[in-house]
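Please read the structure below before turning to the comments.
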Amino acid sequence: MATSDLDFLLVEYEQKKRNAEFDLEKRKEQIYRKIPRLEEIEKEINKISINKTKNILINKLTDSLNTELENKLLQLKQEKKDILKKENIDNEFFKPKYECEKCQDTGYISYKNQKTEMCNCLRQRIINISYNKSNLSNLQTENFKNFNINKFSDEVSIEKYGMNISPRTNINQIKKASIDFIQRFEDTNTKNLFFTGNTGLGKTYMTNCIANELLSQGRTVLYQTAPVLLETIIDNKFNKYKTSNTNDFYNQVLGVDLLIIDDLGTECINNMKLSELFTILNSRSLNLNNKVTKTIISTNLSIEKIFSTYEERIGSRIAGFYDIYYFFGDDLRLRK
């Protein structure tokens, strides 16, 4: 990602943080006009805290003075608590409402061991700007809340579908499996997902539902079609665009919480692409980047076709590390 893009995002984050804190001050002003004693208590608490710090700096904080100040603080905090309870005001009222509570809209999380790391919310913004672009643009509408099981036929026809259950029963089973995948995401025993079936049967919708839920949990999601994914990796490897951050995309592919590879089988295959695809699937399945990572593959190819189209080791990785779900039924795009 270009430094200018990151700088732009950090300015945006700083503004979000300021807005949250400014909103808090406005809410405080409103409640203080209604209950002046709350403002008095806050000023007294601040005054005591400053007094305590001042005495520490000049080495005059005796045990008796410290006890006196602490007791006064406890009295004031209890009085504040009693007022809030009486007025039915939640204590959260006096905290800024950040978009991301983890980093408090700074983009970074600091730990007690003085380690600082980029928050997933900022990491996801970078992924969206640099790689996802419009790939995840339908998340507002394509989610489990809007999932309509009735769009799928309840007809059981082995002759028509080649299965002894209806498309509706099948998609409901896939939905349950997808929710289980989300709930057990951190479990290293939870397999990746392989969605296969013709176009228009709900593969992309189901994938978006999963992505939506994981994003709401603060996890990072990278979505790419197989052709773009492999071409971009190779272009970066050979530094086609003459940039200094050639490993950024590759690191994102290996390290993102959920990687979605769509349209596998539509790329032009060569030995280099096969090698890169295997590395991605293998590294992510074995969590070789020292964190739990999961992958969803969506394709029109059956698992049998995967084995005949790709190398044996790629087919084996998918067969061994992925739960395979077959989408069938009528093209949903043709149903009203």
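The values are calculated or read from the model by the stated rules, or taken from the named source; none is laboratory data. Quick caveat: nothing in here was measured; it's all calculated off a predicted structure. FYI the Cβ positions are ideal-geometry reconstructions off the backbone, even for glycines, and counts take in every protein chain you see. When the accessible area is computed, the model is the full protein with side chains, heavy atoms only, and any ligands, DNA or RNA have been set aside. Shrake-Rupley method; radii C 1.70, N 1.55, O 1.52, S 1.80 Å.
Quick look at the values:
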{"quantity": "Isolated Cys residues of the chain, judged by Cβ distance under 4.7 Å to other cysteines", "calculated": "CYS209, CYS268"}
{"quantity": "Bridge type composition, the chain - antiparallel percent by DSSP, nearest 5", "calculated": "15 percent"}
{"quantity": "ASN146 versus LYS60: modelled label distance in nm, points set 7 Å from Cα along the beta carbon direction", "calculated": "6.6 nm"}
{"quantity": "Estimated [θ] at 222 nm from DSSP helical runs (n ≥ 4, -39500 (n - 2.57)) normalised by residues in the chain, nearest 500", "calculated": "-16500 deg cm²/dmol"}
{"quantity": "Candidates per trypsin sites (Lys or Arg not before Pro) in segment 187-283, loop by DSSP, up to 14 other Cβ within 10 Å", "calculated": "LYS240, LYS242"}
{"quantity": "Fraction of alpha-carbon pairs over 19 Å apart in segment 1-156 - percent", "calculated": "73 percent"}
{"quantity": "³J(HN,Hα) computed for each position of segment 23-40 - Karplus, 6.51 cos²θ - 1.76 cosθ + 1.60, integer Hz, glycine/proline x", "calculated": "4, 4, 5, 5, 5, 5, 4, 5, 6, 5, 5, 7, 10, x, 4, 4, 5, 4"}
{"quantity": "Euclidean distance between Cα centres, segment 156-203 to segment 269-336, Å", "calculated": "15 Å"}
{"quantity": "Gain upon complete extension [ILE303, TYR32; 0.36 nm per residue less C-alpha separation]", "calculated": "91.0 nm"}
{"quantity": "Calculated FRET value between THR67 and ASN46, using beta carbons and R₀ = 30 Å, to 0.05", "calculated": "0.95"}
{"quantity": "Listed residues VAL221, VAL256, VAL11, most fluctuating in the chain (Gaussian network, C-alpha, under 10 Å)", "calculated": "VAL11"}
{"quantity": "Around ARG27: net Lys/Arg minus Asp/Glu count, Cβ-Cβ under 12 Å", "calculated": "0"}
{"quantity": "The chain: most fluctuating residue of ASN251, ASN198, ASN148 per GNM, C-alpha cutoff 10 Å", "calculated": "ASN148"}
{"quantity": "Fully extended contour minus Cα-Cα distance, from ASP323 to ASN19, at 0.36 nm per residue", "calculated": "105.0 nm"}
{"quantity": "Entry for Cα extents along the principal axes in Å (calculated from the structure that is shown) out of (1) 66, 49, 38; (2) 75, 50, 43; (3) 84, 51, 33", "calculated": "(3)"}
{"quantity": "Low-density loop positions, GluC sites (Glu not before Pro), segment 177-266 - DSSP coil, at most 15 other Cβ in 10 Å", "calculated": "GLU186"}
{"quantity": "Accessible surface of the chain [probe 1.4 Å, protein heavy atoms]: carbon and sulfur percent", "calculated": "49 percent"}
{"quantity": "Fluctuation leader among THR141, THR116, THR190 - the chain, Gaussian network, Cα springs under 10 angstrom", "calculated": "THR116"}
{"quantity": "Estimated FRET transfer efficiency when R0 is 45 angstrom, pair ASN113-THR169 (beta carbons, to 0.05)", "calculated": "0.30"}
{"quantity": "Cβ charges +1 (Lys, Arg) and -1 (Asp, Glu), total dipole of segment 152-210, debye", "calculated": "60 debye"}
{"quantity": "Stretch gain in nm, segment LYS176-THR188, where the contour uses 0.36 nm per residue and the Cα spacing is subtracted", "calculated": "2.4 nm"}
